[in-house]
1. Which condition does ARG227 not pass, out of (1) surrounded by 21 or more Cβ atoms within 10 Å (Cβ to Cβ); (2) of a type outside the set (Asp, Glu); (3) under 19 Å from PHE159 (Cα atoms); (4) over 17 Å from the mean Cα position of the chain (by Cα), if it passes all the others?
2. Take the residues in the stretch 12-46 that are hydrophobic (A, V, I, L, M, F, W, C), at pLDDT 85 or above and assigned to a loop (DSSP other than H, G, I, E, B), then tell me which one is nearest to LEU118 (Cα to Cα).
3. Going residue by residue through the stretch 187-195, is there one that turns out to be assigned to a helix (DSSP H, G or I), among the aliphatic types (A, V, I, L, M) and either modelled with pLDDT of 85 or more or more than 17 Å from the chain's Cα centre (by Cα) (or both)?
4. On the given criteria, is THR61 open to solvent by less than 70 Å² (accessible area, probe 1.4 Å) and over 18 Å from GLU119 (Cβ atoms)?
5. Within the stretch 144-161, identify whether any single residue is under 28 Å from LEU93 (Cβ atoms), open to solvent by less than 30 Å² (accessible area, probe 1.4 Å), in contact (Cβ under 8 Å) with a residue 24 or more places away in the chain and not small (Gly, Ala, Ser), and answer yes or no.
6. In the stretch 256-374, which helices (runs of 4 or more DSSP H) lie fully inside it and hold 2 or more residues that are modelled with pLDDT under 65?
7. Go through the stretch 177-224 residue by residue and tally those that are in contact with a Ser or Thr (Cβ under 6 Å, 6 or more places away or on another chain) and surrounded by fewer than 18 Cβ atoms within 10 Å (Cβ to Cβ).
Amino acid sequence: MSKLGNLGARLYRGEVGYDFVGKRKIWYGISILITITAIVGLAVRGLNMGIEFEGGAVFSTPKTSASVAQAEKYAEEASGHDAVVQELGSGGLRIQVAGVDTAKSDQIKADLAKDMDLESDTINADLVGPSWGEQISQKAWTGLIIFMVLVVIYLAIAFEWRMALAALIALVHDITITVGVYALVGFEVTQGTIIGLLTILGYSLYDTVVVFDSLKEQSKDITKQTRWTYSEIANRSINGTLVRSINTTVVALLPVAGLLFIGGGFLGAGMLNDISLSLFVGLAAGAYSSIFIATPLVADLKETEPQMKALKKRVLAKRAAASAKGESVESPDQDDSGPQDELPEDAAPAGVVGPRTQPASRGRGRGRPSGKRR
């Protein structure tokens, strides 16, 4: 077995682990700081909306000797507006000029052909109206709201409302960070960006649901044992699925990174570049939120229940009693008692370390002195 596979097995069995839930205030602080930075970036710099949302003209040229900087200069001189130029894989250029009408675009096309030493007929000009971008935005908002509502309903039915609320907060967290990165860095927002933003919702939700499913299984009949608190079981769920979350995130990020850095950086793929950028940022934020935000939030919400408060009190009291007697007190994240989805049922006392044993029959051992065996 590989080292990563061995680590995953040990995490799953609870032999090793990291206290994610116990250090949740640190993760909350980091997320709040990042979110505030993203909101400030949106408020101060705003989003660099693409031509699809502002309207304008897009000129596509055949292979030319003119550089991107030269074409940008020619387009700005001809139009009087800022221009965005991208180099295409064929050697041609894609020139975007916002805020121009049909008559103006014809003049720009003629000037570009003259400056770049090209035939006017070889340059394609497409006009984009701002109403098209408004329709895309409205449909994107509608799709986002419908998705959020369906997610909350599904998670509330399949799990519980606390998990639905935590997942919703994690999704909003991921979208805010992704949009904030666009604002801070100044990347252009296009229809590809909208597609990428809607796509990352599913990826973000996947890792969260995997942890929630593990937590649901482990927390069955949790009040019938005095070995772990709800927060400790939640932490075991994160550790048990940690390697799986890392693997799925890395596997998803590799092709996206290829599209972003190779396709966009070297081939100049405009639409793919826009989609892959939002996917790359969103996937990374989604992996972070599923581990450091969603599950700790569920633990916080559950720990407010009277039953969970009483359970925590019993667990801590039992550990304190075992410690006072000088018995070994088992760490919640260090035990080899078998697969963690079986731990809450018939769990051994907190001071017992080792494999689980079958419960003794009721009639066995009656009349014997306490603590002695034959």
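1. The number of the failed condition is (3).
2. Start the filter on the stretch 12-46 by keeping residues that are hydrophobic (A, V, I, L, M, F, W, C), which leaves 16, 20-21, 26-27, 30, 32-34, 36, 38-40, 42-44.
Next, from what is left, pick out any that are at pLDDT 85 or above: 20-21, 26-27, 30, 32-34, 36, 38-40, 42-44.
Then drop every residue that is not assigned to a loop (DSSP other than H, G, I, E, B), which leaves 20-21.
Values: PHE20: 61, VAL21: 63 Å.
Looking at residues that are hydrophobic (A, V, I, L, M, F, W, C), at pLDDT 85 or above and assigned to a loop (DSSP other than H, G, I, E, B), I get PHE20.
3. Applying the first criterion (assigned to a helix (DSSP H, G or I)) to the stretch 187-195 yields 191-195.
This time we only want the ones that are among the aliphatic types (A, V, I, L, M), so: 194-195.
Filter again for either modelled with pLDDT of 85 or more or more than 17 Å from the chain's Cα centre (by Cα) (or both), leaving none.
Among the residues of the stretch 187-195, not one is assigned to a helix (DSSP H, G or I), among the aliphatic types (A, V, I, L, M) and either modelled with pLDDT of 85 or more or more than 17 Å from the chain's Cα centre (by Cα) (or both), which makes the answer no.
4. On the way: open to solvent by less than 70 Å² (accessible area, probe 1.4 Å): yes; over 18 Å from GLU119 (Cβ atoms): no.
No.
5. At the first step, the residues of the stretch 144-161 found to be under 28 Å from LEU93 (Cβ atoms) are none.
Taking every residue of the stretch 144-161 in turn, none turns out to be under 28 Å from LEU93 (Cβ atoms), open to solvent by less than 30 Å² (accessible area, probe 1.4 Å), in contact (Cβ under 8 Å) with a residue 24 or more places away in the chain and not small (Gly, Ala, Ser).
6. Numbers: elements: 270-289, 295-302, 306-324.
Answer list for the stretch 256-374: 270-289.
7. 1
The values are calculated or read from the model by the stated rules, or taken from the named source; none is laboratory data. In this text the structure is predicted, and so the values were computed from the model without any measurement. Virtual Cβ from ideal backbone geometry, glycine too; neighbours counted across all protein chains shown. Heavy atoms of the whole protein, side chains included, go into the accessibility calculation; ligands, DNA and RNA do not. Shrake-Rupley method; radii C 1.70, N 1.55, O 1.52, S 1.80 Å.
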